[in-house]
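Take a look at the structure set out below.
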Amino acid sequence: MDHFGFAQGEMYVEGLRVSEIAEAVGTPFYCYSTETLVRHYKVFSDAFAQNDFLLCYAVKANTNQAVIKTLADQGAGADVVSEGEMRRALLAGVSPEKIVYSGVAKTEGEMAFALGQGILQFNVESEPELEQLSRIATSLGKVAAIAFRINPDVDARTHAKISTGKAENKFGVPWTRAREIYARAAKLPGIKVQGVDLHIGSQLTELAPFEEAFHRIGQLIEDLRADGHEISVLDLGGGLGIPYEQAGEQPPLPLDYAEMVKRVVGHLGCKIVIEPGRLLVGNAGILVSKVIYVKEGENRKFLILDAAMNDLIRPSMYDAYHEIVPVVESDAAPEPYDIVGPVCETGDTFARGRDIAPLKGGDLVAMRSAGAYGAVMASTYNTRPLVPEVLVNGAEYAIIRPRPSYDDIIGLDQIPAWLKE
Ligand SMILES: *Cc1c(COP(=O)(O)O)cnc(C)c1O
């Protein structure tokens, strides 16, 4: 459920007309809804209310500090995958003891930074990473609280580019070798073994793969405890999917997810950490864009927008579906259009043969479910300024990342001395 709706024939974000914001900010821009963010956080926190529970928002889905702070003010911690993300989370007011540090290969510098902050947990992904963390912690006189990210070899049944829990994926340590690796960790200085972690993929639309993986991890925790390890934290990762098509498949609800978690791993008495990203922010954001031209091709019509693949790469990268709706409703019968951006790539296509009410140059459209993996993956390809971000809160809005000027972008280039006269 989100707070983007229609009234008097126009799209609203909470109490504001999308067209009004577009007029003030210019297009394209991302627009997020505070109420939706808060609502999504509460759905999880209510579902786990009776448990020792921490939601660590996977900030890579949307790293704007205003978004992180909105969730942190509700009580969320952060799951980060780089020093940069950790810095953003700290600046947005997330306390270090609510930060878990994931990521396939943390560097020396990143480890030292995180150790200096005193974070809740490092999710270690390999033995070389473990050895390095032990060395750095020891040299700094610190102790790193760790979990291993276990690769449970489970098929998440999602898009291949966002499946992370199969044995062939680069993530985590194989569950078949986990006991051996924990035994090694327990002997290392500067390391405190405290948890088990997993994250099997993103945009999962069924509970079954989660359940299979959690069963495996629950068994592993019992084995590790029998081996003498104190396992008190169980980090289940993120990955719960969202409905991208209003009329399409409905992924499981957080409440059902929570019930399954309690049923499968509740008896272990661990602190439960979850790391949702997409579910918190995905449907809390839209990308608003303007039609530049309508072009009649040989046998199809193109709606050419001022947003492009560099602003929202999901359709070209993951074959992702986004609903695209006119900001002003019309009674005209929908017609099929290819909806594209102006970038010089055939992949710069948001939708092919999509039925939409006829539009003309200057009309606004909103791409829905664009709050996650949208702005964060944007680039300046084709020397297009990074798309700005706006946060709405009731009847007010604020620009939370401005559109850069051409000088901001082009001015970063430096001409070497030998090219100067
Ligand atoms: C990306 C990621 C998440 C969040 O995934 P969503 O599908 O957005 O919920 C959580 N944990 C880790 C380790 C991740 O890499």
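Structure above, values below:
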{"quantity": "Pairs with Cβ under 6 Å, 6+ apart, first in region 147-166 and over 19 Å from residue 122 (Cα atoms) and modelled with pLDDT of 80 or more, second within 14 Å of the ligand (Cβ to nearest atom) and of a type in the set (S, T, N, Q)", "calculated": "156/163; 158/203"}
{"quantity": "Criterion violated by residue 103 - all others in (1) in a loop (DSSP other than H, G, I, E, B); (2) farther than 22 Å from residue 188 by Cβ satisfied", "calculated": "(2)"}
{"quantity": "Filter result (surrounded by 17 or more Cβ atoms within 10 Å (Cβ to Cβ) and part of a loop (DSSP other than H, G, I, E, B)) within region 175-202", "calculated": "188, 190, 198, 199, 200, 202"}
{"quantity": "Residue within region 240-250 that is outside any loop (DSSP other than H, G, I, E, B) and either in contact (Cβ under 8 Å) with a residue 60 or more places away in the chain or of a type in the set (Phe, Trp, Tyr) (or both) present", "calculated": "no"}
{"quantity": "Criterion (within 26 Å of residue 9 (Cβ to Cβ) and either of a type in the set (Phe, Trp, Tyr) or touching a Pro at 6+ places or on another chain (Cβ under 8 Å) (or both)) met by exactly one of 335, 329", "calculated": "335"}
{"quantity": "Strands (runs of 3 or more DSSP E) completely within region 1-96 that count 2 or more residues being within 16 Å of the ligand (Cβ to nearest atom)", "calculated": "53-58, 77-80"}
{"quantity": "Residue identified as within 16 Å of the ligand (Cβ to nearest atom), within 25 Å of the chain's Cα centre (by Cα) and not in a strand (DSSP E or B) among 281, 273", "calculated": "281"}
{"quantity": "Top-ranked residue of region 310-369 - restricted to ones that are among the aromatic types (Phe, Trp, Tyr) and in contact with a Lys or Arg (Cβ under 7 Å, 6 or more places away or on another chain), ranked as nearest to residue 28 (Cα to Cα)", "calculated": "337"}
{"quantity": "When residues of region 247-263 are limited to those that are closer than 17 Å to residue 235 by Cβ and surrounded by fewer than 20 Cβ atoms within 10 Å (Cβ to Cβ), the one farthest from the ligand (Cβ to nearest atom)", "calculated": "262"}
{"quantity": "Conditions (1) within 16 Å of the ligand (Cβ to nearest atom); (2) among the hydrophobic types (A, V, I, L, M, F, W, C); (3) in contact with a His (Cβ under 7 Å, 6 or more places away or on another chain); number of the one not met by residue 317", "calculated": "(3)"}
{"quantity": "Subset of region 344-362 that is among the small types (Gly, Ala, Ser) and in a loop (DSSP other than H, G, I, E, B) - its residue that is nearest to residue 325 (Cα to Cα)", "calculated": "357"}
{"quantity": "Which listed residue, of 203, 132, 219, is within 27 Å of residue 254 (Cα to Cα), away from the ligand (no atom under 16 Å from the Cβ) and in the same structural domain as residue 268 (by TED's automatic domain parsing)", "calculated": "219"}
{"quantity": "Check on residue 149, of a type outside the set (Gly, Ala, Ser) and within 16 Å of the ligand (Cβ to nearest atom)", "calculated": "yes"}
{"quantity": "Index of the failed condition, residue 294 passing every other in (1) surrounded by fewer than 22 Cβ atoms within 10 Å (Cβ to Cβ); (2) in the same structural domain as residue 12 (by TED's automatic domain parsing); (3) among the aliphatic types (A, V, I, L, M); (4) closer than 25 Å to residue 68 by Cα", "calculated": "(4)"}
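Conditions tested, residue by residue: (1) in contact with a Leu (Cβ under 7 Å, 6 or more places away or on another chain); (2) among the aliphatic types (A, V, I, L, M).
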| residue | (1), (2) |
| --- | --- |
| 356 | no, yes |
| 371 | no, no |
| 374 | yes, no |
| 378 | yes, yes |
| 391 | no, yes |
| 394 | no, no |
| 402 | no, no |
| 415 | no, yes |
| 418 | no, no |
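The values are calculated or read from the model by the stated rules, or taken from the named source; none is laboratory data. Model, not experiment: these values are computed from the prediction. Neighbour counts run over all protein chains shown; Cβ positions are idealised from the backbone, glycine included.
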